[in-house]
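Values in this text are rule-based calculations from the coordinates and carry no lab data. Predicted, not measured: the structure shown is a model, and the values here were computed from it. Neighbour counts are summed over all protein chains in view; Cβ atoms, including those assigned to glycine, are modelled from backbone coordinates with ideal geometry.
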Protein chains: 2
Amino acid sequence: MSWQPNRQSDSTLQQQIVHWVIAQVERGDWVAGTKLPTQRQLAMQFEVNRSTVQQALEELKAMGILEAKIGSGVYVTDNSWHALLQQTQPNWQTYIETSIHKPNYHTIQLINEYEQRDDVIRLGTGELAPDLLPTEEMESSLRELSFQPKSLGYSSPQGNDQLRAAICHYVKKRGIEAEPQNVCIVSGALQALQLIAVGLLEQGSIVFQEQTSYLNSIHPFQSVGMQMIGVHRDNQLAQTLAQKKRKKQAVFYAIPTLHNPTGHVWTAQEKKLLYEACQASRIPIIEDDVYHDLLFEATSSPIKAMDRSGQVLYMGSVSKTLSPGLRIGWLIGPTTVIERLADIKMQTDYGSSAISQEIVLHWLQSGKYDKHIVGLRQQLQDRADFTERILHEKFKNIASWDKPKGGFYIWLKFHEPLVDKEFFLKLLQQQVLINPGYIYDPQDHHHIRLSYAYASYEELQDGLQILHDCVVDAMEK
Amino acid sequence: MSWQPNRQSDSTLQQQIVHWVIAQVERGDWVAGTKLPTQRQLAMQFEVNRSTVQQALEELKAMGILEAKIGSGVYVTDNSWHALLQQTQPNWQTYIETSIHKPNYHTIQLINEYEQRDDVIRLGTGELAPDLLPTEEMESSLRELSFQPKSLGYSSPQGNDQLRAAICHYVKKRGIEAEPQNVCIVSGALQALQLIAVGLLEQGSIVFQEQTSYLNSIHPFQSVGMQMIGVHRDNQLAQTLAQKKRKKQAVFYAIPTLHNPTGHVWTAQEKKLLYEACQASRIPIIEDDVYHDLLFEATSSPIKAMDRSGQVLYMGSVSKTLSPGLRIGWLIGPTTVIERLADIKMQTDYGSSAISQEIVLHWLQSGKYDKHIVGLRQQLQDRADFTERILHEKFKNIASWDKPKGGFYIWLKFHEPLVDKEFFLKLLQQQVLINPGYIYDPQDHHHIRLSYAYASYEELQDGLQILHDCVVDAMEK
C-alpha cells in the first residue's frame, strides 16, 4: 500500500483516490466484504486532508462500490462488481437531469403521448381533424409540383425567395407592408420563438405576456433563463410595463386574434393600447397571429399593421390551416432582426424543408389556399355550433363560456375549481384527453381548453358526456 | 422643480431621474440648449447620492439627449428631439449584441451568402451539385405518394413510426442493431447536435473532438456554454481523456467515416481505440456518420456496431445523398436518451416535416434509395478522378493531398501557410468561393476543403486555375 496521488496530475486528489480504489476492486485485490483502513489511516498514507478521503469514499458509496456499516467501518459491497460494470456505461440519467433544457410538464408529456393513440377522444387538441386537412388536394398538388434542381438543395438562410414574396402579398390583405427581406421562413411558429429567445434576448430578460397564455405550456424562453411575467391588459398597462421592466431587456408576447387558449379577439382599441404601452417602454412585441385565417367574421388589422418603427415581430404559419405536418411558418420584422435570426437558423437546422416550402408556395400562388380556407372556416363554424348546442344542453348549469369567434377553442369555465391533475388523469382513464387550464396558467383550476377542431361529431357527443359526468362527480365530492 | 423620485417604486432612482428628464424635454419645458443645474444641485433637489445623478446623466448623454460642454456644464442637445424619436424604437442592435447565441463566423456568413449566387464557382461546398440530385425521380416519386389523412398532422415526438422501422433495417446492413424506440427523426444531423447540447449536457461540459473538425465551423455546443477540447487520437488517448475530463461531464464528437473536412477513414483498430478510451472514462461518443453511403470501397463497421452498453449516439442523414432540402436525419441511441431528446424536439419545432418523412420512407422502402446511391457513388468517383487529374497537373509542386476514399472532399494542403482571410476574400473577388481550413481549425493556414461534389467539370477546371494562380501569387509575396 505505498501508492500516493500525484500532485502534478490534472485530476483532483479525490478523483485519483476514487480511481485507485476502483482499481483495487477491479484487479480483485479488494474482494467483496474487505474492510477498508480508517479515514485517518488513508489520509496519512495518501498524505492528503481527511476531508479529501471522506469525499472520495462518499463518491464510492454513491457508486455502490463501498458501504458503511454503522459503528463498524467502511466495506467493499457484495455487488461491487455489478456496480463497477454499471460504471462503464455513461450515467444517462445524470446527464439528462443536469442538462440545460427543461423537460415538458408531465401533463403535456402525457398529452403528447396519448395524442398518438387512436382509441382516445381528443377534446383539447390544437390541431385540425384529419378530415379537415386537404389530404386529397395535397396529393394532387404534389402531382402538379415541378422542381428546379436547386429546390432540392439547401435553402437560403431566410428561406425560399418566391415563398417570401408570396407571404408579403398574403399579409398585405391584413394591412401589413413587408418586403421579402423582412421575412424569415421557420419550421413552425414555435421555432420563431426559439430563435428570438437565443438570438435577440440577453439572459435574464423579461418576457411579458397575458396571465393565461399558450406560452406557459411550452418554454422556449424559460429554458434559456428568461423571466416570464404575466400582466393584465388594463389602463395601468403602460405604467406596469415601465415599472416591471426595470433596467432589463424585455419583450411582450401577444396573441391578439383568436387567443390561445381563450379564443379572445382584441378590439382595435386594445391593440393600440398595447402598442403604445410597449412603445413608451421601448418593448418589442411578438405578435402571434397563426389563427387569423380562421376568424368567422372580419376583425381589425393586426398590431403589425400599425407598426411604423419596426417594433413588432409578426408570426404566421400554415400549421393551423393547411397542414401542421409541413412545418412551415414565418416571422416578419426589421431586416436587421430577420438577418440575425436567419443566421442562427442556419446554425440550428440549415433551413426548413425545401419541399414543404415549395408546397406552401404552390398553395398560396395557385389560389388553392384561399379556396381551402373558405371551406375550412365553414366546417369549423359548423363544429363550433354543434359543440355549443351540446354545451347549452348539458353544461349550462355547471359552466360558462363565450361564443367562439373562430379558430379551434372554447375556453370553458366550470363554476367550481375542479380542474386539477387528478381530474385530468381521471378523464384519461376513460380515454378522454383534455387540455386543462393549468398548463396555460398554473393558478387556474376553473378552465379547460375545449377544442371543436379535432374530435369527430360522435366523439364530441360522447366525450362531452363523459366530461359532464366527471365534472358532476367532482362537484359532489 | 419640486419633483422627487419615488422610493416605493419598482423602478430604480436612476431610471426615474432619466424618465423625468426625458419628460421635461418631451413636454418642451427644456428646449435644445437648456443648461442643466449642477449635479450637486440636482442631487440635493432629488435627495439622492450625487453618483446616482451622475449615472442618470451619463445614460442620457449616451442616448444623445444631453451633452457635456467642457468647463461649462451639461446641456440639452440640439437634436434631442431626434434622439427621443429613436428612443421609441427598440434598439435592435443592442438586443442582438447582448443575446445568447453566437453569430456565425464572418467567413461562414460570407459563404452562406455567396452560395446563393449563381455567378460564383463553389469549390468548397458541402452539398451535391443540382445535377447529382435526383430531381426527376423525386418529382415522379411525389406522384406515387399517397397520404393517410394523419400524415399531414403533427408527427409523433420521435417521428414517423414506419420511417423509424425502415431506418433500423437500413443501419442493420452496417452491423448496427436498433429498434424503432432507439430512433429519433431530426431535421438534419445538425439538429441532433443541438438537442444533445441542451438535452444531455450540463453547462460547462467538455466536448472532445479531433483538432480539425467540422464542429469548429458551427457552434451548437459553444453557444450554450460547453467547452471544446481538440485531442489527438494516439496511444495516449485514454490517458488524455481521463486527465482532461476532470470532474466534468463530457462527450466525444467523432466522424470516423469520411471525416469532414479531412476525408479520413478510420481503421477498425482506430475505432476500437476511441471506443475503449471513452469507455474507460465513461464518455459517451457522438458518431457522425452522414457520409457513410458515399464510401468508394467498403470499410469496417461504425463504432456504434461494437457498442454493447449504449455509449454511442449515432447520427445519420439523407442530406448528403438524397436531398438536403428534405431536412431529414436521425439519431440512434438508448431509449432513455432518445425519449428525452424527442421531448425537447417537441418543444423546439413539434417534429420534422411529415411530408419529408413520407418521402424518405418511400425512397428507403421502394429500393429507389439504394439504386440512387450506386449511381451517385460512381458520379462522385468520376468527379474525384477528374479533380485529382487537375491537381496532378497543376498543384503537385505547391500542395499535397490524399486520394479521396469517398464523399465530397479533398483536404488540400499547400506547402506554405497562405490560407488566411485575405486569401479567402481575394478568391471571392474573382468569384471563387472556398472553404478555408481555418474554419475547421483556427490554427490551420495550410489547408482548404476542396469539394468535387458541387461545381461543374468546367467550373472545377476554371476555379482550380484561378486558385492555382492565387496561390502562386501569394507564394511570391
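Cα-Cα over 21 Å: which of A:426/A:477; B:271/B:304; A:248/A:345; B:271/B:371; A:320/B:345? Intermediate results must be reported in sequence, preceding the final value.
Working: A:426/A:477 14 Å; B:271/B:304 10 Å; A:248/A:345 25 Å; B:271/B:371 29 Å; A:320/B:345 19 Å.
A:248/A:345; B:271/B:371, as the Cα separations exceed 21 Å there.
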### Summary
Once amide hydrogens are built 1.01 Å from N within the peptide plane, the residues lying 5 or more places from residue B:285 or on another chain with amide H under 5 Å from its amide H are B:252, B:312, B:313
### Query
Distance from the Cα centre of segment B:92-143 to that of segment B:406-474, in angstrom?
18
### Summary
HN-Hα couplings for segment A:151-167 via Karplus (6.51, -1.76, 1.60; θ = phi - 60°), in whole Hz with x for Gly/Pro, come out as 6, 8, x, 4, 7, 6, x, 7, x, 3, 4, 5, 5, 5, 5, 5, 5
### For residue B:295, distant residues with modelled amide H under 5 Å away
B:407
### Query
Hey, for residue A:239 with labels 7 Å out along Cα-Cβ, what do the inter-copy distances come to in nm, ordered shortest first?
7.2
### Task
Equivalent ellipsoid semi-axes for segment A:255-313, as square roots of 5 times the alpha carbon gyration tensor eigenvalues: give them largest first, rounded to whole Å.
20, 11, 10
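Using Cβ contacts closer than 10 Å as the measure, can you line up B:339, A:276 from fewest to most?
Numbers: B:339 16, A:276 13.
The most exposed by this proxy come first: A:276, B:339.
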### Rounded to 10°, Cα long-axis angle of helix A:368-394 versus longest principal axis of chain A
80
### Task
Quick one, can you get me the convex hull of the C-alpha atoms of segment A:152-366 expressed as volume per residue in Å³?
113
### Task
Between the label point of residue B:309 and that of the same position in each other copy, find the distances and list them shortest first in nm, with every label point placed 7 Å from Cα along the Cα-to-C-beta direction.
6.0
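Under unit Cβ charges (Lys, Arg +1; Asp, Glu -1), what dipole magnitude, rounded to 20 debye, does the protein assembly as shown have relative to its Cα centre?
Values: 90 positive and 108 negative charges, 477 e Å.
The calculation lands at about 2280 debye.
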### Message
Check which residues have an amide H placed less than 5 Å from residue A:399's amide H, if you skip close sequence neighbours.
### Response
A:415
### Ascending list, in nanometres, of distances separating the residue A:69 label from those of the other copies (7 Å, Cα toward Cβ)
9.1
### Query
Karplus couplings for segment B:342-359 from phi (6.51 cos²θ - 1.76 cosθ + 1.60, θ = phi - 60°), rounded to Hz, Gly and Pro as x?
5, 4, 6, 4, 4, 7, 8, 8, 6, x, 8, 3, 5, 5, 4, 5, 4, 5
### Task
Work out Dmax and Rg for chain A from the C-alpha atoms and quote the Rg first, both in angstrom.
28.9, 86
### Message
Per-residue Cβ counts within 10 Å, from other chains only, averaged over B:455-466: what number is that?
### Response
0
#### Entry: C-alpha long axis of helix A:457-476 to longest principal axis of chain A, angle in °
60
### Summary
Cα extents of segment B:230-341 along the principal axes, largest first, in whole Å, come to 41, 34, 24
### Task
Report the trypsin sites (Lys or Arg not before Pro) located in segment A:407-461 that are in a DSSP loop and have at most 12 other Cβ atoms inside 10 Å of their Cβ, or state none.
none
### Message
Nearest 500 deg cm²/dmol is fine: what mean residue ellipticity at 222 nm does chain A get from its DSSP H runs of n ≥ 4 alone, each adding -39,500 (n - 2.57), divided by its residue count?
### Response
-13000 deg cm²/dmol
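Can you put A:444, B:293, A:382 in order of Cβ neighbours within 10 angstrom, beginning with the fewest?
Values: A:444 19, B:293 25, A:382 12.
Neighbour counts put them in this order, fewest first: A:382, A:444, B:293.
Across the protein assembly as shown, how large is the tail of the calculated P(r) beyond 45 Å, expressed as a percent of all Cα pairs? Working shown, then result.
On the way: 180322 of 454581 pairs.
It works out to 40 percent of all Cα pairs.
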### Query
Which angle between 0 and 90 degrees, to the nearest 10, do you get for helix A:189-199 versus the longest principal axis of chain A when only C-alpha atoms count?
50
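Cβ neighbours within 10 Å, averaged per peptide: list B:99-109, B:122-132, A:35-45 in order, most packed at the top. Each step should come with its number before you reach the end.
Values: B:99-109: 17.9, B:122-132: 21.1, A:35-45: 14.8.
Taking the mean over residues of other Cβ atoms within 10 Å, the ranking is B:122-132, B:99-109, A:35-45.
What does the charge count near residue B:190 come to, summing +1 for each Lys or Arg and -1 for each Asp or Glu among other residues with Cβ under 11 Å from its Cβ?
Details: positive: A:345, B:327; negative: A:349, B:288.
Its environment carries a net charge of 0.
Just the ratio, please: alpha-carbon radius of gyration of segment A:1-64 over 2.2 N^0.38 Å, N its number of residues.
Details: Rg = 11.2 Å, N = 64, 2.2 N^0.38 = 10.7 Å.
Ratio of Rg to 2.2 N^0.38 Å for segment A:1-64: 1.05.
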### Query
Cα atoms only, segment A:273-419: Rg and Dmax in Å?
19.2, 54
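Which trypsin sites (Lys or Arg not before Pro) in segment A:286-340 sit in a loop by DSSP (not H, G, I, E or B) and have at most 15 other Cβ atoms within 10 Å of their own Cβ?
Answer in residue order: A:308.
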### Task
Please report how far the C-alpha centroid of segment A:294-341 lies from that of segment A:184-259, rounded to the nearest whole angstrom.
16
## Note on the structure
Note, segment A:261-274: 3J(HN,Hα) by Karplus (6.51, -1.76, 1.60, θ = phi - 60°), whole Hz, Gly/Pro = x, goes x, 7, x, 5, 10, 6, 7, 4, 5, 5, 5, 4, 4, 5
## Note on the structure
Expressed as a whole-number percentage, the relative contact order of chain A with C-alpha contacts under 8 angstrom and at least six residues apart is 18
### Task
State the answer as a single residue: which of B:424, A:366, B:328 lies farthest towards the positive end of the charge dipole of the protein assembly as shown, with beta carbon charges of +1 for Lys and Arg and -1 for Asp and Glu, about the Cα centre.
B:424
